[in-house]
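Undergrad: Sending over a structure as structure tokens; questions will come in a sec.
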Amino acid sequence: MKIVFLSSEVAPFAKTGGLADVTGSLPRFLAKLGLEVRIFMPLYREVQKKGFPLLKVADRLPFHWAGQEDVFTVWESAESGVPVYFIDKPAFYDRDGLYGTAAGDYKDNGQRFAFFSQASLAALKAMDFAPDVIHVHDWQSAIALAYLKSIYGQDPFFQTTKSLCTIHNLAYQGLFERDILKTIGLPESLFDMDGLEFFGKVNFLKAGILYATAISTVSYRYSCEIQTPEFGCGLDGLLRKRSDVLTGILNGVDYAAWDPAKDSLIAAPFTASDPKGKEVCKKDLQTAFGLPTAKKDLPVIGMVSRLAGQKGLDMLIEALGGLFPLGVQLVILGTGEAEIQESLETARRRFPSFFGLKIAFDDRLAHKIYAGSDMFLMPSRYEPCGLTQMYSLKYGAIPIVRATGGLDDSIREYDAADGRGNGFKFEACSPPALIQAVQRALKLYAHKRAWAGLVQNAMACDFSWERAAQEYVLLYQNIREERTFPVSVRSRF
């Protein structure tokens, strides 16, 4: 099968979040399974600054854009093991930041990503690469399916092409004023309830939900949650209508980069069969955060997170006064909302022997947290998939999570009766529920043999991209054959 990814960011070229990790990893594992995969993304200034070797494959390609003739250039990189093609339009992409600056989003983001989406389709024709499935990701490329339907709907080149729209986070939909349709060359007739109109605005993500052959999310539970008013962000009704082609496939982890047995960023290697190095990593972590290392019997709870309400940080802050008397140390790494950062700084000054905080993005320190923590906390209000709980499992840091989205799919509550499970979960979005989950974990932590068994369970979990890629292959096959039943895959424990 021929599969084309359209994504606004792809690791290692340009990244702001988990989307880049998915689109940078999944295609490589699909290629290993025999699929012919191509990736398209914009040529940002960030890509050029990193100095990746690029080959020009199309120079000033003619392009009918928004009622007039335009041109763009296409560059190719084989850096990631799968061909990545960059849409080069300096007026749109030669800027600081992918989506905006500290002052806010770029006001022409609608035009920028609509151009990228349509130009990618035009590039496919110029390259004579007719895909079986075009796989779009989030609102930035979902609009490509509106072009595929309206502009290229009768084009013989795309007559057998099907499509998949993956929703990584429904909260971000790409909303723009009505007049953007004229400036991006889409017919005004699309602006109605059965088209792209959404509460008086144009919704780019809605194009993907409406026109894709199939829709996927990044976990099974999230695919169910977004069909409810609580999590549907105004699109739950439409998603329920398309539920017959809506599925959830949990993201994967590249264990080549996340393996404590060969991680060069941690103080000592360790494995499930030889875990002694984890104690060295714990002491190193305490030292890195200025916490007393003499308190080695205190469990360390780690967090690597965006510091935002969505991640439950405000709930955690409210719970801190009840957590530290339980006898734990807490370390947090991340950046985010100013108010939450300030509250955490205040708490750190109040609990200097128990609370370590680093307001930063620091990949090396993140690895140290996974390796040195006994437990890993994720109290998210919603979490489409989550990757950090999968990293923590591999490093033997037992997850304590709120049962939502991918956290619910990947974490199974430990059962002392049969010794099964890989973590602890709580349902209610409240400080008491969070504290009670930590208490359950601490009760088991006091029984070293039982805790060691739980750590063994955690480190044995397989959330590899190999697993996820096989599920995507099955989904692509269903799409190509126009089977409408969803492939709803629950977690693998």
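Undergrad: I'd like the distance between the alpha-carbon centres of the stretch 159-184 and the stretch 416-435, rounded to an integer number of Å.
TA: The two parts, judged by their Cα centres, are 38 Å apart.
Undergrad: Kindly provide the helix-only [θ] at 222 nm of the chain, computed as the sum of -39,500 (n - 2.57) over DSSP H runs of four or more divided by all residues, to the nearest 500 deg cm²/dmol?
TA: -10500 deg cm²/dmol
Undergrad: Then there's this: Can you list the HN-Hα couplings for the stretch 16-31, worked out from phi with the Karplus curve (6.51, -1.76, 1.60; θ = phi - 60°), rounded to whole Hz and with x for Gly and Pro?
TA: 10, x, x, 4, 5, 5, 5, 6, x, 9, 3, x, 5, 6, 5, 4
Undergrad: Of all DSSP beta bridges located in the stretch 1-143, what percent are antiparallel, nearest 5?
TA: Rounded to the nearest five, the antiparallel share is 55 percent.
Undergrad: Cα centroid distance between the stretch 288-361 and the stretch 189-228, in Å?
TA: Spelled out, the Cα-based centre of one part sits 37 Å from the other.
Undergrad: Just the number, please: Stokes-Einstein D of the stretch 103-251 in µm²/s, Kirkwood Rh from C-alpha pairs, 4 °C, 1.567 mPa s.
TA: The calculation lands on 83 µm²/s.
Undergrad: If you place +1 on the Cβ of every Lys and Arg, -1 on the Cβ of every Asp and Glu, and leave all else neutral, what size is the dipole of the stretch 277-462 about its Cα centre, to the nearest 20 Debye?
TA: Roughly 620 debye for the stretch 277-462.
Undergrad: Out of 25, 198, 454, whose Cα points farthest toward the positive end of the dipole of the chain (charges: +1 Lys, Arg; -1 Asp, Glu; placed on Cβ)?
TA: Value computed over the given set: 454.
Undergrad: How long are the three semi-axes of the equivalent ellipsoid of the stretch 277-462, in whole Å, if each is the root of 5 times an eigenvalue of the C-alpha gyration tensor, listed from largest down?
TA: 22, 19, 16
Undergrad: Related question: Give, rounded to the nearest 20 debye, the magnitude of the charge dipole that the chain has about its Cα centre when Lys and Arg contribute +1 at Cβ and Asp and Glu contribute -1 at Cβ.
TA: Magnitude of the dipole: close to 1340 debye.
Undergrad: Also, quick follow-up: At R0 = 60 Å, how high is the FRET efficiency between residue 450 and residue 68 if r is their beta carbon distance? Nearest 0.05 is fine.
TA: 0.30
Undergrad: Right, next: I'd like the Karplus ³J(HN,Hα) series for the stretch 172-182: coefficients 6.51, -1.76, 1.60, θ = phi - 60°, whole numbers in Hz, and an x wherever there's a Gly or Pro.
TA: Each residue of the stretch 172-182 in turn: 10, 10, x, 9, 9, 5, 4, 6, 5, 4, 5 Hz.
Undergrad: Please report, in whole Å, how far the alpha carbons of the stretch 278-342 spread along each principal axis, starting with the longest.
TA: Here the spans come out as 32, 23, 18 Å, largest first.
Undergrad: Under Stokes-Einstein, with the Kirkwood radius over Cα pairs standing in for Rh, what whole-number D in µm²/s applies to the chain at 25 °C and 0.890 mPa s?
TA: 104 µm²/s
Undergrad: Return the Rg/Rh ratio of the stretch 236-289 with Cα-based radii and a Kirkwood Rh.
TA: Result: Rg/Rh = 1.38.
Undergrad: A further question follows. For the charge dipole of the chain, defined by +1 on Lys and Arg C-beta atoms and -1 on Asp and Glu C-beta atoms about the Cα centroid, which residue among 10, 121, 39 has the Cα displaced farthest towards the positive pole?
TA: Among 10, 121, 39, the one farthest towards the positive end of the dipole of the chain is 10.
Undergrad: Let me know the number of lysine pairs in the stretch 275-342 closer than 19 Å at the Cα, not counting same-chain pairs under 8 apart.
TA: Eligible lysine pairs with Cα atoms under 19 Å apart amount to 8.
Undergrad: Turning to a different aspect of this structure: Apply the Karplus parameterisation 6.51 cos²θ - 1.76 cosθ + 1.60, with θ equal to phi minus 60°, to every residue of the stretch 467-478 and state each ³J(HN,Hα) to the nearest whole Hz, in sequence, with x for glycine and proline.
TA: Here the 3J(HN,Hα) series is 4, 5, 4, 4, 5, 5, 4, 4, 5, 4, 5, 4 Hz.
Undergrad: In the chain, what % of DSSP beta bridges are antiparallel (nearest 5)?
TA: Approximately 30 percent, going by the DSSP bridge assignments.
Undergrad: Using Cα pairs under 8 angstrom and six or more residues apart, how large is the relative contact order of the stretch 134-182, in percent?
TA: 53 percent
Undergrad: For residue 293 and residue 440 in one chain, what is 0.36 nm times their gap in residues minus the Cα-Cα distance, to one decimal in nm?
TA: So the extension gain works out to 50.5 nm.
Undergrad: Something else now. If amide hydrogens are placed 1.01 Å from N in the peptide plane, which non-local residues have theirs closer than 5 Å to the one on residue 247?
TA: Hits under the 5 Å cutoff: 215, 216, 217.
Undergrad: If I take R0 = 25 Å and measure r between the Cβ atoms of residue 467 and residue 194 in this structure, what FRET efficiency does the formula 1/(1 + (r/R0)^6) give, to the nearest 0.05?
TA: 0.10
Undergrad: Using +1 at the C-beta of Lys and Arg and -1 at the C-beta of Asp and Glu, which of 99, 74, 135 has the Cα lying farthest in the positive direction of the dipole of the stretch 35-155?
TA: Sorting the options by dipole projection puts first 99.
Undergrad: While we're here: May I ask for the Kirkwood hydrodynamic radius of the stretch 340-436, worked out over all distinct Cα pairs and given in angstroms to one decimal?
TA: This gives a value of 14.6 Å.
Undergrad: Search the structure for amide H atoms under 5 Å from the amide H of residue 357, placed 1.01 Å from N in the peptide plane, and list their residues when 5 or more places away or on another chain.
TA: So residue 357 has HN proximity to 332.
Undergrad: At a Förster distance of 45 Å, what's the computed FRET efficiency of residue 276 paired with residue 339, Cβ-Cβ distance as r, to 0.05?
TA: 0.60
Undergrad: Here is a follow-up. For residue 428 paired with residue 96, estimate the spin-label separation in nm (one decimal), with each label point 7 Å from Cα along the Cα-to-Cβ line.
TA: It is 4.7 nm.
Undergrad: Over the stretch 277-462, what is the percentage of antiparallel beta bridges among all DSSP beta bridges, to the nearest 5?
TA: For the stretch 277-462, the DSSP antiparallel bridge percentage is about 5.
Undergrad: Which three extents, in whole angstrom, do the alpha-carbon atoms of the stretch 34-163 cover along their principal axes, largest first?
TA: So the three principal-axis extents are 42, 33, 27 Å.
Undergrad: If you scale each eigenvalue of the Cα gyration tensor by 5 and take the root, what three semi-axes come out for the stretch 183-231, rounded to whole angstrom and sorted largest first?
TA: 25, 13, 8
Undergrad: Consider all pairwise Cα distances in the stretch 222-376 and report the whole-number % of them above 19 Å.
TA: Summing the P(r) tail past 19 Å for the stretch 222-376 gives 62 percent.
Each value in this text was obtained by applying a stated rule to the coordinates, not by laboratory testing. Predicted model only: the values in this text are computed from it and were never measured. Because the Cβ atoms are built from the backbone with ideal geometry, glycine has one as well, and the counts that use them run over all protein chains shown.
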